[in-house]
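Enquirer: Here you go, one structure.
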Amino acid sequence: MEKENIVHLDNIDAYNKIYGIETKHPLVTVVDFDTVKSCALPEDCTLCYGMYAIFLKQTFCGDITYGRQPYDYQEGTVVSFAPGQVVRVHRSKQVAEAVAAKPCVGLLFHPDLIRGTELGHDIRQYTFFSYDSREALHLSEEERGIFRECIHNIKTELNHSIDTHTKRLVCRNIQLLLDYCMRFYERQFITRQNVNRDVLSHFERLLGEYFDNPENVRQGLPTVKYFAERCYLSPNYFGDLVKKETGHTPQEMIQKTIIGMAKDRLLGSDKSISEISYSLGFQYSQHFNRFFKRLTGHTPSEYRRVGGVELPLNTMEK
């Protein structure tokens with residue numbers, strides 16, 4: 001059985017040594033493959049990232065598989081990875097020649113770089129680090145120029161000797177790059193509206209069907225991950241797409257559906273509160289009571305007693 005090639009990218013120096021790049025800062029590096037003369041990676045390998053990484057691929061440079069799906073990237077595409085992510089890479093001789101002719105640029109930074117900074121506090125808002133298959137960012141020529149300029153500014157700062165200003169200035173420039181990527185992703189959500197609406201329609205259909213299947217209900221309340229997987233998207237990308245299209249998160253839409261069904265069953269049947277709670281996927285009726293009161297301001301019993309006519313709509317419907 002052929003041994004799998006696993007490469008752990010736990011620190012900047014380990015990454016730089018693969019490509020023969022000088023390490024100018026122990027926690028961050030800019031990679032311009034135009035200057036790379038060699039690569040120590042096997043043709044087929046698995047990369048285990050211990051750092052944040054973001055690359056602008058200016059040409060097709062090998063098959064990348066994330067999870068079980070191929071990563072969606074072509075010429076002029078941004079791909080990104082976060083600590084803990086694992087990707088499979090296949091590089092051929094033809095790919096190496098293509099990269100040499102039209103190389104990519106990238107940035108890698110260790111989590112320790114941003115600890116205690118504004119970027120460290122806000123890093124989770126850059127949800128694209130957790131996007132996966134078919135969710136890469138496709139840039140226009142102008143957007144590519146902005147990306148490269150941000151990378152150039154970081155590289156310029158790294159060429160200075162490290163001093164008391166280095167960390168703050170590098171982090172601010174990284175944050176600027178990530179903010180631009182967020183803007184570009186929002187543009188991409190808009191330009192792919194037809195596809196997005198298909199996903200949204202599928203989500204709404206799945207949401208309705210979930211409660212029609214007793215087997216689903218026995219598994220408990222539906223999760224965002226459940227619907228994302230059935231739409232063949234990562235939870236983060238799915239969440240961002242739904243929020244962009246509807247103004248609500250998937251979790252809010254799930255909650256709204258559950259509240260609507262709960263109201264129908266409270267007023268349209270003589271089932272007990274416990275029976276209704278179990279029919280909606282709640283393991284305990286107490287959980288249902290707290291959930292219902294949190295979203296409507298009243299307990300299920302109060303809602304049923306007054307027939308709902310004196311109670312306000314749930315907070316999401318205002």
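The values are calculated or read from the model by the stated rules, or taken from the named source; none is laboratory data. Source: prediction; values computed, not measured. Using ideal geometry, Cβ is built from the backbone for each residue, glycine included, and neighbour counts are taken over all protein chains shown. Ligands, DNA and RNA are excluded from the accessible area calculation, which covers all protein heavy atoms including side chains. Shrake-Rupley method; radii C 1.70, N 1.55, O 1.52, S 1.80 Å.
Enquirer: What residue, among those in the range 280-304 that are among the aromatic types (Phe, Trp, Tyr) and outside any helix (DSSP H, G or I), is farthest from Thr257 (Cα to Cα)? Give the derivation first.
Expert: Looking only at the range 280-304, we keep the residues that are among the aromatic types (Phe, Trp, Tyr), and these are 282, 284, 288, 291-292, 303.
Filter once more, keeping what is outside any helix (DSSP H, G or I): 282, 284.
Values: Phe282: 14, Tyr284: 19 Å.
Result: Tyr284.
Enquirer: Moving on. Within the range 194-222, which residues are open to solvent by 70 Å² or more (accessible area, probe 1.4 Å) and closer than 27 Å to Ala82 by Cβ?
Expert: The one that is open to solvent by 70 Å² or more (accessible area, probe 1.4 Å) and closer than 27 Å to Ala82 by Cβ: Val195.
Enquirer: Within the range 92-117, take every residue that is touching a Ser or Thr at 6+ places or on another chain (Cβ under 8 Å) and modelled with pLDDT under 55 and give me the one that is surrounded by the most Cβ atoms within 10 Å (Cβ to Cβ).
Expert: The qualifying residue surrounded by the most Cβ atoms within 10 Å (Cβ to Cβ) is Val99.
Enquirer: From the list Tyr180, Tyr185, pick out the single residue that is in a helix (DSSP H, G or I), among the aromatic types (Phe, Trp, Tyr), under 27 Å from Leu119 (Cβ atoms) and open to solvent by 50 Å² or more (accessible area, probe 1.4 Å). Before you say what the answer is, go through the steps one by one.
Expert: Values: Tyr185 fails: open to solvent by 50 Å² or more (accessible area, probe 1.4 Å).
Answer to the selection: Tyr180.
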